[in-house]
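K.L.:
Got a structure for you, questions after.
The values are calculated or read from the model by the stated rules, or taken from the named source; none is laboratory data. Model, not experiment: these values are computed from the prediction. A quick note on method: Cβ atoms are made from the backbone with ideal geometry, for glycine too, and the neighbour counts reach across all protein chains shown. Each accessible area value is taken on the protein alone, full model and side chains, heavy atoms only, with ligands, DNA and RNA left out. Shrake-Rupley method; radii C 1.70, N 1.55, O 1.52, S 1.80 Å.
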Amino acid sequence: MATDPVPFIIDIPDTALEDLQRRLQSVRWPERETVDDWSQGAPLAAIQSLCDYWRQDYDWARCQQRLNQFPQFTTPIDDLDIHFLHIRSSHPHARPLLLTHGWPGSVLEFAQVIEPLTQPERHGGDPADAFHLVLPSLPGYGFSGKPTRPGWGVEKIARAWDTLMTRLGYPRYFAQGGDWGSAVTATMAALNLPGCRGIHLNLVMYHPQPEDLEQPTEEELAALEKLQFYADWDSGYSKQQSTRPQTIGYGLVDSPVALAAWIYEKFYFWSDHQGLPESTIDRDHLLDNIMIYWLNSAGASAARLYWESFNRFQLGNITVPVGVSQFPQEIFRASRRWAEKHFHNIVYWNQAAKGGHFAAFEQPGIFVAELRDCFRQMD
């Protein structure tokens, strides 16, 4: 099988967009929630407003053109076609950097940071901070292939990403991720893959141990409180996707409203906003991300990563250089004391002033500054 990357252009047929319009025009809505907040889930009025805009004003052609301005490719790894963006800096000394998204995100999360990272001098930065970027779509996500058999968990993805970077001519590289991207990135470091020279995370996936509960600091008490809220009120999606992804997949693939509500609710609870996610992330960009799932019928295939790896992922012992940037509205923020149990070479640790789980999407300027400050500490 040929492994050379093949150029890829997104070209969604009009029939797919017409089908979406028909479905949005024939929605059978549930009744209104019985509360005046989000405690029962995404409110009817919020989802109706989002879907009215989707049907009447949203323009997919704009998003397609935006993505197609970046060099895109596919390449087979373990018999699965992996879609990725590969943007080389004009600076010959630029360092290779792999960026991995999570759920319910996509490579679109990074669209606004691509030029500042590849051409920093155009955005008030130093050319010494330039990177060559590789942005893969996770298996079953976006325009990557969908696994047809079990096994595509975090460790296999980590090894596949190392294969991808080697195939692109990067024997030494750095890696960054949040959400599932954090799990994949940390696993690349834990596996001691020779090409991975350092990592940056904007989510530390740490499960507090009994000894962590004995004399917690104020910071750790706040983290435990947030983790408890997640367990009690915010984790139903993960329980469903990690146990019965196929069942929820029927609704996510068949109904654009179900998919939009499933994803939009997470942007409400996990992003740092003033009332609605649109105060931080443009509504068009939120729908762009939802469209990546809708057009690829990826509701079930993306959810399957939870079945493969949720609650099975272990940090292990990581000795490569590690940088961590934690954002205030993140699902969970580990203390440095906790993190040091697994990360034995932390070279950068910072608390960002604002932002949430979708750091690059919400605060691209802060995200870029964090990566620059972090990777300056690594050779």
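Results for (1) in contact with a helix residue (DSSP H, G or I) (Cβ under 6 Å, 6 or more places away or on another chain); (2) not β-branched (Val, Ile, Thr), shown as yes or no for each residue.
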| residue | (1), (2) |
| --- | --- |
| Met188 | yes, yes |
| Pro216 | no, yes |
| Phe229 | no, yes |
| Ile248 | yes, no |
| Ser255 | no, yes |
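K.L.:
Within region 163-183, can you find the residues that are farther than 22 Å from Gln377 by Cβ and either open to solvent by less than 10 Å² (accessible area, probe 1.4 Å) or not hydroxyl-bearing (Ser, Thr, Tyr) (or both)?
P.N.:
Within region 163-183, Leu164, Arg167, Leu168, Gly169, Asp179, Trp180, Ala183 meet the criteria.
K.L.:
Between residues in region 25-50 that are within 17 Å of Leu287 (Cβ to Cβ) and residues that are of a type in the set (Lys, Arg) and open to solvent by less than 70 Å² (accessible area, probe 1.4 Å), which pairs lie under 9 Å by C-beta distance while being six or more apart or on different chains?
P.N.:
Leu50/Arg283
K.L.:
While we're looking at this one, here's another question. On the basis of being closer than 14 Å to Met291 by Cβ and either aliphatic (A, V, I, L, M) or assigned to a strand (DSSP E or B) (or both), does Leu108 make the cut?
P.N.:
Yes, satisfied.
K.L.:
Assigned to a strand (DSSP E or B), over 28 Å from Gly316 (Cβ atoms) and either among the small types (Gly, Ala, Ser) or open to solvent by 10 Å² or more (accessible area, probe 1.4 Å) (or both): which single residue out of Pro96, Pro76, Pro92, Pro116 fits that description?
P.N.:
Being assigned to a strand (DSSP E or B), over 28 Å from Gly316 (Cβ atoms) and either among the small types (Gly, Ala, Ser) or open to solvent by 10 Å² or more (accessible area, probe 1.4 Å) (or both) holds for just one of Pro96, Pro76, Pro92, Pro116, which is Pro76.
K.L.:
Which numbered condition trips up Ile82, out of (1) open to solvent by 10 Å² or more (accessible area, probe 1.4 Å); (2) out of contact with any His (no Cβ under 8 Å at 6 or more places or on another chain); (3) under 18 Å from Ala175 (Cβ atoms)?
P.N.:
Every condition holds for Ile82 apart from (1).
K.L.:
Further, regarding this structure: Report the residue count in region 22-39 for those that are over 25 Å from the mean Cα position of the chain (by Cα), loosely packed, with under 14 Cβ neighbours inside 10 Å and of a type outside the set (Val, Ile, Thr).
P.N.:
The total comes to 10.
K.L.:
Quick one: how many residues across region 1-41 are outside any loop (DSSP other than H, G, I, E, B) and under 24 Å from Leu164 (Cα atoms)?
P.N.:
Residues that pass the stated criteria total 2.
K.L.:
Determine which single condition Ile248 fails, assuming it passes every other condition in (1) surrounded by fewer than 22 Cβ atoms within 10 Å (Cβ to Cβ); (2) over 26 Å from Ile157 (Cβ atoms); (3) hydrophobic (A, V, I, L, M, F, W, C).
P.N.:
It is condition (2) that Ile248 fails.
K.L.:
For region 267-283, which positions are in contact (Cβ under 8 Å) with a residue 24 or more places away in the chain, in a helix (DSSP H, G or I) and either farther than 20 Å from Phe110 by Cα or in contact with a helix residue (DSSP H, G or I) (Cβ under 7 Å, 6 or more places away or on another chain) (or both)?
P.N.:
Scanning region 267-283 gives Phe267, Tyr268, Phe269, Arg283.
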